[in-house]
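Just below is one structure, and these are the notes that go with it.
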Amino acid sequence: MKSLFLILAASLLFFSCEQDNTKKELPSDSIFHLTSQWQDQRNQSYLLNTLRGKTLVVVMIYTSCKTACPILVADMKRIERQIRPAYLDEVSLVLVSIDPETDTPERLAEFAQTGGMDAPQWVFLRSDEAATQEFANVLSMKYKKISPVDFSHSNIISVFNPDGELILQEEGTGINAEKVAGKVNETVKGN
């Protein structure tokens with residue numbers, strides 16, 4: 001009887017550990033190792049690892065941009081439309097500001113609402129300049145302030161698996177949204 005109880009207890013412990021994805025060790029190249037503090041469009045502060053467990057589609061923009069960023073935002077919306085609706089709870093569409101001085105949480109919330117991106121899967125983030133630059137470096141994304149209101153920047157959309165590993169990058173505006181959404185759907189289905 002005692003041995004049966006021990007086997008049952010060990011099995012229960014094994015299966016409860018097996019189910020908790022957040023306790024599993026992160027891969028060495030996970031973005032969730034970054035420890036910087038971020039704010040979202042709801043003015044909530046948190047670490048990037050708060051997004052762990054979801055497939056992430058990430059782009060860096062700034063809300064006052066009138067050239068490439070509107071195209072990148074349109075690309076993100078096209079990606080969202082091609083993600084299976086049943087999978088949207090497992091996905092975060094993350095827009096990270098390269099202009100945290102202008103892109104306050106209030107400004108990000110207004111931008112999200114005006115752009116029809118206020119559903120739960122849309123996450124707008126800002127941090128300080130050092131954290132923003134660190135995040136851009138992880139994405140191999142370059143940006144530079146060229147005037148008080150304008151930036152020159154790379155146009156990259158990145159997909160990360162639920163453990164924060166980069167699994168796809170598309171560069172340029174007008175990217176292949178079908179390819180990106182296909183990778184997202186494949187990743188969510190595989191988890």
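Here are some pairs, K144/K189; K54/K77; K54/K179; K24/K189; which of them have Cα atoms lying more than 28 Å apart in this structure? Distance filter (> 28 Å) returns K144/K189. Given R0 = 35 Å, the distance between the Cβ atoms of I71 and Y46 translates into a calculated FRET efficiency of 0.75.
Taking N as the residue count of region 79-141, its C-alpha radius of gyration divided by 2.2 N^0.38 Å amounts to 1.23.
Modelled label positions at S140 and L26, each set 7 Å beyond Cα in the direction of Cβ, lie 2.1 nm from each other.
All of the numbers you see were taken from the coordinates with simple rules; none came from a lab. What you see is a predicted model, and the numbers here were worked out from it, not measured in a lab. Counting neighbours? That spans all protein chains shown, and the Cβs are built from the backbone with ideal geometry, glycine included.
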